[in-house]
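Visitor: Below are the structure tokens for one structure; questions will follow.
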Amino acid sequence: MTKRLAAWIVGASVALGNVGHAEASETFWDWFFSVKRMKEVAPVNDAAYNEECGSCHFPYQPGFLPAASWQKLLDAKALADHFGDSAELDETTRKHLLEFAVANSAEKSYYKRARKVIASLKKGDAPLRITDVPYIKDKHGKLPAQDVKDNPKVKSLSYCNKCHLKAEEATFDDDTVAIPGKGPWSW
């Protein structure tokens with residue numbers, strides 16, 4: 001191994017070892033040599049997040065939005081009118097959910113799909129809806145209205161778990177998609 005390559009590996013491990021990611025006990029190298037590095041987004045592993053967010057809708061994985069989006073969404077005033085509903089939380093819970101979402105946001109993730117999400121955004125973009133993320137729009141752009149919007153079993157792209165059968169496990173591969181009333185997805 002050349003000295004230049006060895007120096008690069010050491011430098012990368014130091015730099016990347018300090019980047020925030022979903023699994024606090026996991027180092028960059030644990031992730032790099034793991035099969036899961038090829039996976040989607042980090043699964044939600046926080047009981048409070050699952051309970052609070054999941055009580056009203058699918059608890060979206062934080063890796064689908066940048067930190068700035070989560071900061072806007074989990075702002076105390078924004079929660080008073082959360083897409084037309086009150087999602088107010090006590091301050092301790094709100095801060096916990098915010099810390100969890102920001103720590104696991106797209107730009108802090110090693111996961112492949114989260115990296116694609118962040119790469120699709122312009123610097124400073126902070127969409128409030130996952131369905132407004134360019135990468136997500138592109139992946140779903142050719143779906144006919146009859147499969148989503150006009151499908152009473154789906155209604156909207158915001159109901160990820162209606163079609164993505166393993167959404168709770170943070171798996172969104174095409175082979176785990178079935179359109180309600182239509183069957184397995186095929187291109």
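Visitor: Quick one: dipole size for segment 142-187, taken about the Cα centre, charges +1 on Lys/Arg Cβ and -1 on Asp/Glu Cβ, in debye to the nearest 20. If you can, show how the numbers build up before the last one.
Guide: Values: 7 positive and 7 negative charges, 58 e Å.
Computed charge dipole of segment 142-187: roughly 280 debye.
Visitor: To continue, here is another question. With labels modelled as points extended 7 Å from the Cα through the Cβ direction, what inter-label distance (nm, one decimal) is found for residue 83 paired with residue 112?
Guide: Between residue 83 and residue 112, the simple spin-label model gives 2.7 nm.
Visitor: Using a Förster radius of 25 Å, what is the FRET efficiency between residue 92 and residue 72 based on their Cβ-Cβ separation? Nearest 0.05, please.
Guide: Working: r = 20 Å, r/R0 = 0.80.
For R0 = 25 Å, the calculated efficiency reads 0.80.
Visitor: Right, another one. Between residue 126 and residue 150, what FRET efficiency follows from the Cβ-Cβ distance if R0 is 35 Å, with the result rounded to 0.05? List each step's numbers first, then the result.
Guide: Details: r = 30 Å, r/R0 = 0.86.
The value I calculate is 0.70.
Visitor: Kindly list the residues of segment 147-180 that lie in the label zone of residue 57, defined by a backbone N under 12 Å from the point 7 Å along the Cα-to-C-beta vector.
Guide: Only 156-161 fall inside the zone, counting backbone N under 12 Å.
None of the figures in this text is laboratory data; all of them are computed from the coordinates on show. No experiment lies behind these values; they were computed from the predicted model shown. Quick reminder, even Gly has a Cβ in these numbers, built from the backbone with ideal geometry, and neighbours come from all protein chains shown.
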